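*Asks:* Supplied in structure tokens, the structure appears directly below.
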Amino acid sequence: MAVMNQRWNAILLCLGSAMTFWLFNALNKDYTTAINYPVHFVINESKYVFTEAPPSNIPLEVTGGGWNLLRYLLHISVKPAELPVAKVARRGRVSRQRLYNLLKKHIKDLKVNRVLLDMMEIHTKPKNTP
């Protein structure tokens with residue numbers, strides 16, 4: 001009976017080691033996937049207020065190493081991109097191209113392939129000054 005338990009322990013140890021090596025090898029490759037990148041919209045609070053809460057994430061298609069993608073998917077040490085609302089406040093819309101240009105400046109360790117939104121609306125109004 002003890003010999004049988006030792007065999008199972010050896011088999012489980014080999015399987016665990018093989019799975020660990022496979023995982024590390026897989027995370028060293030490049031992949032393309034969709035992530036929700038956190039954003040924070042910066043507004044001049046003396047001039048404008050949000051009438052609706054802006055989105056907190058923007059869906060992106062990115063390419064990068066498995067370790068970096070895992071970090072972004074698990075939101076480990078991911079600093080939200082700060083996007084200014086100054087020019088958006090007049091029009092109320094942000095195009096896909098503008099979002100792409102703003103976000104690729106903030107994301108250094110992944111390649112931003114495209115933004116998965118056609119257009120995003122930001123609802124603001126001028127603040128009433130007393």
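*Asks:* If the elastic network links every pair of Cα atoms under 10 Å, which of Leu117, Leu60, Leu23 fluctuates the most in the Gaussian network model of the chain?
*Replies:* So, out of Leu117, Leu60, Leu23, the one fluctuating most is Leu23.
*Asks:* Can I ask one more? Work out which helices of the chain, taken as complete DSSP H runs, extend at least 20 Å along their axis over the Cα atoms and score a mean Kyte-Doolittle of -1.0 or more, then list them.
*Replies:* Once both thresholds are applied, what remains is 2-27.
*Asks:* Next question. Before rounding to the nearest 500, sum -39500 (n - 2.57) across all DSSP H runs of length at least 4 in the chain and divide by the residue total; then give [θ] at 222 nm in deg cm²/dmol.
*Replies:* Taken over the chain, the calculation gives -12000 deg cm²/dmol.
*Asks:* Follow-up question, since we're still on this one. I want to verify the translational diffusion coefficient of the range 28-126 in µm²/s; compute it with Stokes-Einstein, Rh as the Kirkwood radius over Cα pairs, at 20 °C and 1.002 mPa s.
*Replies:* D, rounded to a whole number, is 151 µm²/s.
*Asks:* Rounded to the nearest 5, what % of DSSP beta bridges with both residues in the range 28-126 are antiparallel?
*Replies:* 85
*Asks:* Then there's this: Give the relative contact order (percent, whole number) for the chain; include only Cα pairs under 8 Å separated by 6+ residues.
*Replies:* Normalised by residue count, the contact order of the chain is 30 percent.
Values quoted throughout were computed directly from the atomic coordinates according to the rules given, and no laboratory measurement underlies them. All figures in this text were calculated on a predicted structure; none of them were measured in a lab.
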